[in-house]
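To keep things clear, I will list the structure first and then write my remarks on it.
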Amino acid sequence: MPTTETVALDIQAIKALLPHRYPMLLVDRVVELVPGQRVLALKNVAANEPFFAGHFPSYPVMPGVLIVEALAQAGAVMMLHGQGGSPGKIPLFAAIERARFRRQVVPGDQLLLAVQVLKARGAVCRLAGTASVQGQVAAEAEITAMLGDAAA
């Protein structure tokens with residue numbers, strides 16, 4: 001039976017779970033995590049993010065694919081934390097469906113990444129994620145992820 005204990009994680013705990021590093025680490029803090037059920041995480045969008053230099057430089061906007069990646073990383077933190085860190089495993093996309101982008105994300109925004117488990121079976125998990133800024137939905141998607149073996 002999954003635990004209902006809620007935990008929070010700082011950047012060091014996130015880096016201990018995820019293989020991602022700057023500039024691809026897109027989760028700064030986990031404010032609430034219920035293993036196997038849901039996670040709330042934060043991504044602070046800074047003006048010096050490397051993607052802003054080439055993605056509409058005169059009108060900086062965070063690429064939608066990176067918002068979905070941030071949702072997937074938040075979900076991966078939940079998956080890996082729930083399995084005790086799963087040494088030797090890396091989170092991989094299996095599918096992205098029903099992705100919708102509703103609000104632009106710009107420097108200075110703070111993304112609230114809300115991800116919940118729709119279905120889990122073994123190393124595969126179907127997730128529903130919503131990224132919002134100050135209560136306004138910026139993006140949402142259903143993500144199927146799996147924990148694969150890391151190459152040696």
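Numbers for the structure displayed
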| read-out | value |
| --- | --- |
| Some residue of region 69-81 being modelled with pLDDT under 95, assigned to a strand (DSSP E or B) and crowded, with 16+ Cβ neighbours inside 10 Å | no |
| Condition met for Ala99 (of a type outside the set (Lys, Arg), touching a Gly at 6+ places or on another chain (Cβ under 8 Å), part of a strand (DSSP E or B) and touching a residue at least 12 places away in the same chain (Cβ under 8 Å)) | yes |
| Test result for Ala16, in a helix (DSSP H, G or I) and either touching a residue at least 40 places away in the same chain (Cβ under 8 Å) or of a type in the set (Ser, Thr, Tyr) (or both) | yes |
| Any chance His55 is without any contact (Cβ under 8 Å) to a residue 60 or more places away in the chain and in contact with a Pro (Cβ under 7 Å, 6 or more places away or on another chain) | yes |
| Ala53 vs. criteria closer than 15 Å to Leu111 by Cβ and either in contact with a His (Cβ under 8 Å, 6 or more places away or on another chain) or exposed (fewer than 15 other Cβ atoms within 10 Å of the Cβ) (or both) | no |
| Criterion: more than 19 Å from Leu26 (Cβ to Cβ) and part of a strand (DSSP E or B) - qualifying residue of Ala141, Ala120, Ala145, Ala131 | Ala120 |
| Residue under evaluation Phe51, criteria (1) in contact with a helix residue (DSSP H, G or I) (Cβ under 7 Å, 6 or more places away or on another chain); (2) at pLDDT below 95; (3) assigned to a loop (DSSP other than H, G, I, E, B), criterion not met | (3) |
| Residues located in region 19-48, provided they are in a loop (DSSP other than H, G, I, E, B), out of contact with any helix residue (DSSP H, G or I) (no Cβ under 6 Å at 6 or more places or on another chain) and more than 16 Å from Gln110 (Cα to Cα) | Pro19, His20, Arg21, Tyr22, Met24, Gln37 |
| Leading residue by the ranking (modelled with the highest pLDDT) among those in region 107-123 that are surrounded by 15 or more Cβ atoms within 10 Å (Cβ to Cβ) and over 14 Å from the mean Cα position of the chain (by Cα) | Asp109 |
| Single unsatisfied condition, Gly36 versus (1) more than 21 Å from Ala138 (Cα to Cα); (2) free of Cβ contacts under 8 Å to residues at least 60 places away in the same chain | (2) |
| Answer residue from region 44-98, given it is under 21 Å from Ala141 (Cβ atoms) and of a type in the set (Phe, Trp, Tyr) and is farthest from the chain's Cα centre (by Cα) among those | Phe51 |
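The values are calculated or read from the model by the stated rules, or taken from the named source; none is laboratory data. None of these values were measured; they are calculated from a predicted model. Cβ coordinates were reconstructed from backbone atoms using ideal geometry, including for glycine residues, and neighbour counts include every protein chain displayed.
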